Every structure is written in C-alpha cells, then in structure tokens.
C-alpha cells in the first residue's frame, strides 16, 4: 500500500493540555515498536537501501537526529518565540551521520535515551507553557506544545511504516 509523503500530510491542530498524556504515551511506545521491528533482522538487512530511499537503520537514525529539534522547539515555547525553529528539510544531519555504519543496538539505545529525556522534560513543564502558541514554520499554523507532541507521534508512525517496508 502506498504511503502519502510526509511533506504532503495535512494536520489539524488545537489540542489542549488534556491530550498530552495520550500523545506522550504514543511517544513512549516508539522505542519498543522500533525494537520489535529490528528484532528479527540483521545488520546487513537493516542497512539495505529501499530503492532510492533510506535503509531501515537510516530511518531509525533520522528519528534520533530529530530529538535535538524537538528539544529545541520546547526551548522555543519556553522562550515565548513567535515562530518555532525550522526543521532541516534536506536532512543534512541524517545523510552525514552514516547510520548504516552503526550497530542496530547502538541506534536503538541512542533513540531511547534521547526520547526518554525529551519525555521527562515535557512532563516537568509547568502548565502555563502548554497555553503558549507559536507558528510552525513549514505548516504555517499556530501550535501548542501538545500539538507538537501529536506531530512528533505522527512523524514517528510515518518512519515506523517506512522501516517496516524496508525490512
């Protein structure tokens, strides 16, 4: 089944803080889902390119690469930035990282550590931060922290599907 391109996806935001636990639960579930996907493969298979697309390891590495962006966007909300920092849509970090040269276990652990730190950080935010809005630069929509959590969870699912296809 063909998957819609990430950049073609449309989103409806406006989630209040009450949705935060649901989205955090989805974000917590990404690491175990990744571990399950990679449990029955080897380093060679996980490094194979899917046509002109990324390998499964590159998709996994990409998710880790983006944890810095997610943290930075929390910084933006805390600082009251009117516009969130933009993602690098050329994915330079992912292409430069040579994720295929790293072990599956390293990539999984790196992702889990970054994601756990992100989740802990969000869980410690004061309620006032969840009321702030900033402009998402690519989507040109006002978003809250809770909206960003939903967006990240959707992005995780996009790559989980890509990894499953690649494997």
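The values are calculated or read from the model by the stated rules, or taken from the named source; none is laboratory data. Every value quoted in this text rests on a predicted model; they were computed, and no experiment measured them. Using ideal geometry, Cβ is built from the backbone for each residue, glycine included, and neighbour counts are taken over all protein chains shown.
Out of all the residues in segment 79-91, is one or more in a helix (DSSP H, G or I), within 24 Å of residue 31 (Cβ to Cβ) and touching a helix residue (DSSP H, G or I) at 6+ places or on another chain (Cβ under 6 Å)?
no
Looking only at segment 10-40, count every residue that is closer than 24 Å to residue 165 by Cβ, touching a helix residue (DSSP H, G or I) at 6+ places or on another chain (Cβ under 7 Å) and not in a helix (DSSP H, G or I) and tell me the total.
The qualifying residues number 1.
Pairs needed: first member in segment 1-19, on the phi > 0 side of the Ramachandran plot and modelled with pLDDT of 85 or more; second member anywhere, in a helix (DSSP H, G or I) and surrounded by 12 or more Cβ atoms within 10 Å (Cβ to Cβ); C-beta distance under 8 Å; at least 6 residues apart or different chains.
What qualifies is 14/147.
In the list 90, 105, 134, which residue meets the criterion of being at pLDDT below 95 and either within 23 Å of residue 53 (Cβ to Cβ) or over 14 Å from the mean Cα position of the chain (by Cα) (or both)?
Matching residue, one of 90, 105, 134: 90.
Whether any residue in segment 13-33 is in contact with a strand residue (DSSP E or B) (Cβ under 6 Å, 6 or more places away or on another chain) and over 24 Å from residue 107 (Cβ atoms) is what I want to check.
Yes.
Give me the residue from segment 57-86 that is without any contact (Cβ under 8 Å) to a residue 24 or more places away in the chain and over 15 Å from the mean Cα position of the chain (by Cα) and, out of that set, nearest to residue 156 (Cα to Cα).
Out of the qualifying residues, it is 75.
Going by the conditions given, is residue 155 part of a helix (DSSP H, G or I), without any contact (Cβ under 8 Å) to a residue 60 or more places away in the chain and under 16 Å from the mean Cα position of the chain (by Cα)?
When the stated conditions are applied, residue 155 does not pass them.
Before we move on, is residue 7 closer than 27 Å to residue 90 by Cβ, assigned to a helix (DSSP H, G or I) and out of contact with any helix residue (DSSP H, G or I) (no Cβ under 8 Å at 6 or more places or on another chain)?
On the way: closer than 27 Å to residue 90 by Cβ: yes; assigned to a helix (DSSP H, G or I): yes; out of contact with any helix residue (DSSP H, G or I) (no Cβ under 8 Å at 6 or more places or on another chain): yes.
Yes: the conditions hold for residue 7.
I'd like to verify a number: residues in segment 20-40 that are modelled with pLDDT under 95 and either within 13 Å of residue 146 (Cβ to Cβ) or surrounded by 11 or more Cβ atoms within 10 Å (Cβ to Cβ) (or both), how many? Spell out how you get there, then give the answer.
So in segment 20-40, the residues modelled with pLDDT under 95 come out as 40.
Restricting the remaining residues to those that are either within 13 Å of residue 146 (Cβ to Cβ) or surrounded by 11 or more Cβ atoms within 10 Å (Cβ to Cβ) (or both) gives none.
Within segment 20-40, residues that are modelled with pLDDT under 95 and either within 13 Å of residue 146 (Cβ to Cβ) or surrounded by 11 or more Cβ atoms within 10 Å (Cβ to Cβ) (or both) number 0.
Among 125, 149, which is in a loop (DSSP other than H, G, I, E, B), in contact (Cβ under 8 Å) with a residue 40 or more places away in the chain and within 20 Å of residue 23 (Cα to Cα)?
Only one candidate passes the filter, namely 125.
Just need a number here: residues in segment 119-135 that are surrounded by 20 or more Cβ atoms within 10 Å (Cβ to Cβ) and within 28 Å of residue 3 (Cβ to Cβ).
So the count comes out to 1.
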